[in-house]
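Let me begin by presenting the structure, written as C-alpha cells, before commenting on it.
None of the figures in this text is laboratory data; all of them are computed from the coordinates on show. Quick caveat: nothing in here was measured; it's all calculated off a predicted structure. Neighbour counts are summed over all protein chains in view; Cβ atoms, including those assigned to glycine, are modelled from backbone coordinates with ideal geometry.
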Amino acid sequence: MIVRRQTHISIEALMELLPALEITLEQEMTYRPDSPEYERRVKSVQDHAIGKGLGSSFTISRKAVGTIAQYNRDRLLSMFGSILRNEFGSYMNFVFDNGESALIGASPERHITVKDGAVVMNPISGTLRKSPQGVTREQLIAFLHDPKEINELFMVLDEELKLMAQMCERGGSVVGPQLLEMSKIMHTEYELVGHSDLDAMELYRRSMLAPTVTGSPMSSAPSVIARHEDESRRYYSGTINLLSHDARGVEALDAAISIRMAEVLNDGTMTLQAGATIVRDSIPSEEAKETEGKLAGMLNAILRSGNTPPVTQLPPLMDAEMRAILVERNIHLSDYLFYDQERTDRHIGELAGKIITVIDNKDDFCHMLKHMMMSMGATVRVVSFDEFDSDADASDIVVVGPGPGDPGDDHDPKMQKVAGITRRLLENDKRFVSVCLGHQILCRELGMDLACKDVPMQGIQKVIDLFGASERVGFYNTFVAHSKELDGIEQSTDPGTGDVYALRAKRFASFQFHPESILSQRGFDILSRTLKDLVRS
C-alpha cells in the first residue's frame with residue numbers, strides 16, 4: 001500500500017466533521033456459538049487441552065452478528081463518532097475501510113511499540129465486568145485478590161516475556177501491574193520495556209501472535225483454537241499497525257491488537273468477536289458472561305446516541321490501599337526478570353566462555369532460559385529437538401527444554417526423539433539440565449512412573465523444599481513423575497504425594513518447575529547454582 005496523503009487532526013476538530021446519524025440494527029444480534037455451546041467448548045479446552053498437557057491457557061472466542069440498518073459510508077463514520085464519544089480507556093481507536101469491508105474499533109491493548117530502539121509490549125488479562133450501577137469498592141478489591149484473575153495475568157506475562165527474550169537480548173524490565181478501565185469492564189495489565197537493534201518489522205514478526213488472544217504455549221495454541229472454533233477469525237486477534245519514519249528515515253511502529261472491533265461488510269452485516277482466556281480453574285458460565293460483557297461494551301459504544309460520555313469510576317477508587325494491593329502482587333515474582341537486566345552485571349566466572357545448547361521442545365520458555373544463561377556469561381544457542389544430534393554436539397552443557405504434550409505417549413514422534421536425546425546424554429555421561437517436559441522424560445528414562453495429575457499445575461506458584469532450601473517456584477505441568485529410590489541421585493519431592501520436583505546427580509540436574517518463569521522468585525539463582533555445580537563436576 002502506497003500512502004499518497006496523510007494528515008493530523010485534533011479529536012475536537014474531527015468530531016465536528018463526523019456525521020452523527022442514528023445507528024440501529026435490523027434485528028437483535030445473534031451469538032455464534034450460543035452460551036451453552038460456548039460453555040461446552042470451555043469445558044472441552046479444560047479437559048482435553050489443559051488436562052492433557054497441551055498448555056496452561058487458551059483464548060477461545062465467539063461472535064455476535066447483526067445488520068446495520070440503512071448502512072452507508074456516513075453511518076460508518078457516525079459509528080466511529082459514537083465510539084469516540086462513548087468508549088474510554090482504549091489504546092487505539094480506529095476505522096479502516098478497504099472498499100469491501102470496514103474495521104472499526106477501540107482496542108484496549110497495545111501489541112508492540114518500536115521507537116528509537118525501545119520496544120514496549122503490554123500484556124492485559126483479568127476482567128471485571130461493570131454492572132449498570134458501576135463497580136463497588138468491595139467488588140474491585142475482591143477482583144484484585146481473585147487467584148484465578150491473578151494467575152491469568154501472570155501466565156500471559158510469562159508468555160510475552162518469552163517474546164521479549166527473542167527481541168531484546170540485553171533484557172528489559174516489567175512495569176505494573178496497573179488497572180485499565182473501559183466503559184463496561186476493567187482489566188489488569190503489565191508493561192514490558194526493553195531495547196533492540198533489530199528493525200521494526202523484524203521485531204513485529206517476532207512478536208506475533210499475541211498470547212492474550214491465543215494462549216500458552218504459542219506452539220500449541222493455534223491447534224487448540226482450530227479444534228474449538230468452527231469459523232475463521234478473519235481480522236480478529238491480528239493487529240492494527242501504524243508504521244512511520246523519523247527524520248533519519250528509521251522506522252517506528254505502533255501496533256494495537258484488533259480486539260473490541262467490528263467488521264462491517266458493504267451490505268451492513270456487522271460481526272463483533274470477543275474471547276475469554278481459559279485456564280484450569282475457569283468457570284464455563286462465567287467465561288461466557290465475560291465474552292458477552294466485552295461484546296456488549298463495543299456494541300453499546302457503536303449504538304449509543306447522544307453526547308453524554310460514560311463516567312469513569314477508577315480515579316476515586318485508586319487510593320493508597322488499592323495501590324498497595326497491586327504492588328503486593330510483585331513481592332514474590334522473579335527478582336531477575338522483574339528488574340532491568342540490561343543495567344545489572346550478572347556474569348558468573350565459572351560460566352564465562354562455556355557453550356550451552358538449549359533444546360527447543362516447542363515452548364518459547366527455551367528463549368528465556370537462553371536469555372538468563374547469556375546474562376551469566378555463557379554462549380548459548382537454541383536448537384529444535386528434531387535437529388539436535390546428541391553424538392555430534394560439542395557443548396559444555398545441554399539443556400533439555402520444556403514443551404507441551406504427554407511425555408508417556410510412545411507414539412508421539414517428539415516424545416520418542418526427546419527420550420532418545422536424554423538416553424544418549426546419560427550414556428555419553430554428558431553434563432545436562434532438563435526442565436519440565438525434559439525432567440519428566442528423564443525421570444521415565446531413570447525408571448520412574450509418570451502420572452497425569454487430577455488438577456493440572458498450570459500457572460501455579462508453590463513453595464517447595466529444594467534440597468533443603470525453601471524456594472517459591474512456578475509450575476506449568478499436567479504430568480508428574482513419582483519418586484523411586486535411585487543410587488547416586490538426589491531427589492526433591494513432595495512429602496505427601498511423592499511428586500518429583502527436582503533431581504541432581506554428578507553430571508545432570510532437572511526441574512519439574514520453571515526457573516525461568518516470572519513465578520520463580522529466585523529462579524536465576526537456582527539455575528546459576530545448578531550450572532556452576534555441573535561445571536565443577
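Only alpha carbons enter this Debye calculation for region 345-536, each as an equal point scatterer, and the log10 of I(q)/I(0) it gives at q = 0.08, 0.14, 0.16 Å⁻¹ is -0.22, -0.71, -0.96.
Rounded to the nearest 500, the helix-only mean residue ellipticity at 222 nm of the chain stands at -9500 deg cm²/dmol, with each DSSP H run of n ≥ 4 adding -39,500 (n - 2.57).
Using the charge dipole of region 279-367 (Lys, Arg: +1 at Cβ; Asp, Glu: -1 at Cβ; taken about the Cα centre), state which of 348, 318, 303 has its Cα farthest towards the positive end. Toward the positive end, the furthest listed residue is 303.
Overall, the ratio between the Cα radius of gyration of region 144-233 and 2.2 N^0.38 Å, rounded to two decimals, is 1.23. Comparing 259, 168, 179 along the charge dipole axis of the chain, the residue lying farthest to the positive side is 168, per the Cβ-charge model.
Here the chain is treated with +1 on each Lys and Arg Cβ and -1 on each Asp and Glu Cβ, and its dipole about the Cα centre works out to around 280 debye. When each full DSSP H helix of the chain is screened for a Cα extent of at least 18 Å along its own axis and an average Kyte-Doolittle hydropathy of at least -1.0, the helices passing are 73-86, 147-167, 284-303, 413-427, 523-536.
Semi-axes of the equivalent ellipsoid for region 325-365, computed as √(5λ) from the eigenvalues of its C-alpha gyration tensor and ordered from largest down, come to 27, 18, 8 Å.
What is the sum of charges, Lys and Arg at +1 and Asp and Glu at -1, for the other residues whose Cβ falls under 12 Å from the Cβ of residue 122? Numbers along the way, then the final one.
Numbers: positive: 110; negative: 109, 160, 189, 191, 254.
Overall, the nearby charge balance is -4.
Note down the relative contact order for the chain as a percent, whole number, built from C-alpha pairs under 8 angstrom at least six residues apart. It comes to 16 percent, rounded to a whole number.
All other residues whose Cβ lies under 12 angstrom from that of residue 483 are scored, Lys and Arg at +1 and Asp and Glu at -1, for a net of -4. The spacing between region 278-330 and region 171-242, judged by their C-alpha centroids, is 18 Å. Across the alpha-carbon set of region 1-97, the Rg to Rh ratio works out to 1.14, Rh being the Kirkwood radius.
Positive contributions from Lys and Arg (+1) and negative ones from Asp and Glu (-1), summed over other residues with Cβ under 15 Å from the Cβ of residue 453, come out at -4.
If you wrap a convex hull around the C-alpha atoms of the chain and split its volume per residue, what is the figure in Å³?
Numbers: hull volume 90.0 nm³, N = 537.
Here the figure is 168 Å³ per residue.
When only the Cβ of Lys, Arg, Asp and Glu is charged (+1, +1, -1, -1), the dipole of region 18-328 relative to its Cα centre reaches about 260 debye.
Calculate the FRET efficiency for residue 5 and residue 384 from the Cβ-Cβ distance with a Förster distance of 35 Å, rounded to the nearest 0.05.
Working: r = 46 Å, r/R0 = 1.31.
Calculated transfer efficiency: 0.15.
How big is the antiparallel share of DSSP beta bridges in the chain, given as a percent to the nearest 5?
Rounded to the nearest five, the antiparallel share is 85 percent.
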